[in-house]
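Let me begin by presenting the structure, written as structure tokens, before commenting on it.
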Amino acid sequence: MLRTALCVCAVLASSVTTVQAQGWGTIEGQFILEGDVPEVAPLVAQGDASAKDAAVCAANAVPNDAMAFNADNKGIANVVVFMRRASSIHPDLKESKEKTVEFDQKGCRFLPHAMVVRTDQTITCKSSDGVAHNVHSSPFANSPANFIVQPNDQKGVEVKVPLAESLPVQVVCDIHPWMKAWWIVVDHPYAAVTDENGKFTIENLPEGENEFRVWHENAGYINRKWIVNVKAGEVTKVETVEVPLSSFEE
């Protein structure tokens, strides 16, 4: 009996040691444009009377978020870096701390233009515009959404996406055809979208080699199998990635 108990304790101790040995680290990176940054025309020019709901939608220029390049540092915004599947997840990140993410419509743009959504989160689709908008998603795994968001609706309409998607989900407004956005739906915390400087951070990754996909709506897959080596307890700054302008031109 004593021998059995000792064996059980040894197994438990071994399991605890294995769990504690798991290390976690962070990566930081940047995607920049190779060559000169071009001038990108807005999707809707300021004052364009021919635009739908021009009083709201042409009050200011509507920028082309699919060609968002930083003139100061060549950073590329809205590049998606995501892990297709996560072999292990940090204990603190098993569930999302924020159960709701907001998806706004302001200046006849979807904000954010690209966003990460975990399968345990709810998307609240609201509007900061004085005109009605339509949220029309085209997922592969989840049920599609297609509804009107009323003017200045700050309560919003809720959308659930309980299944992970293999590709970013396109969202459009059928009322204002230039409006487009992307939802990156994952069942883990290891995904990010580059900011206006082309930079991103993904925290608490398992140590060792991690495989990511890098995607952009115009460029497609910048890298289908991007391997990054994560060091436990450290912030690993990966080499800056340069992407040619021709990749983004349709």
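General remarks:
- Span from the segment 137-152 Cα centroid across to the segment 20-55 one, whole angstrom: 23
- Of the residues Gly47, Gly130, Gly107, the one that moves most in a GNM of the chain with alpha-carbon contacts below 10 Å is Gly47.
- DSSP bridge orientation in the chain - percent antiparallel, rounded to nearest 5: 70
- Ranking by accessible area, most exposed first, for Arg224, Arg84, Arg109, Arg118 with a 1.4 Å probe: Arg224, Arg84, Arg109, Arg118
- When the Gaussian network model of the chain links Cα atoms closer than 10 Å, the mean-square fluctuations of Phe69, Phe147, Phe31 top out at Phe147.
- When the listed pairs Lys126/Lys160; Lys99/Lys237; Lys52/Lys74 are checked against a 21 Å cut-off, the alpha-carbon distance exceeds it for Lys99/Lys237; Lys52/Lys74.
- Net dipole in debye of segment 148-203 [+1 Lys, Arg Cβ; -1 Asp, Glu Cβ; about Cα centre; nearest 20]: 80
- Segment 207-250 and segment 155-202 have Cα centres lying 18 Å from one another.
- Contour minus Cα-Cα distance for Phe147 and Lys97 (0.36 nm per residue): 15.2 nm
- Segment 186-250: C-alpha gyration tensor shape, a/c 1.5 cut-off, then a/b vs b/c: prolate
- Over the residues of the chain, the helix contribution to mean residue ellipticity at 222 nm works out to -3000 deg cm²/dmol, using -39500 (n - 2.57) for each DSSP H run of at least 4.
- Cα gyration tensor, segment 85-239 - rounded (a/c under 1.5), prolate or oblate: prolate
- Under the Karplus curve 6.51 cos²θ - 1.76 cosθ + 1.60, θ = phi - 60°, whole-Hz ³J(HN,Hα) for segment 210-225, x wherever Gly or Pro sits: 10, 9, 10, 10, 10, 9, 9, 4, 8, 7, x, 6, 6, 7, 7, 9
- All aspartates and glutamates inside 20 Å of Lys97 as judged from Cα atoms, apart from same-chain residues fewer than 8 positions distant: Asp120, Glu158, Asp187, Glu203
- Cα gyration tensor shape for segment 130-208, rounded if a/c is under 1.5, else prolate or oblate: prolate
- Highest mobility in the GNM of the chain, judged by mean-square fluctuation with C-alpha springs under 10 Å and restricted to Ala232, Ala66, Ala49, is found for Ala49.
- Listed by chain and number, the aspartates and glutamates whose alpha-carbon sits under 16 Å from that of Lys199, ignoring those within fewer than 8 places in the same chain, are Glu28, Glu34, Asp65, Asp72, Glu239, Glu242.
The values are calculated or read from the model by the stated rules, or taken from the named source; none is laboratory data. This is a predicted model, so every value here is computed, not measured. Neighbour counts run over all protein chains shown; Cβ positions are idealised from the backbone, glycine included. What goes into the accessible areas is simple: the full protein's heavy atoms, side chains included, and nothing from ligands, DNA or RNA. Shrake-Rupley method; radii C 1.70, N 1.55, O 1.52, S 1.80 Å.
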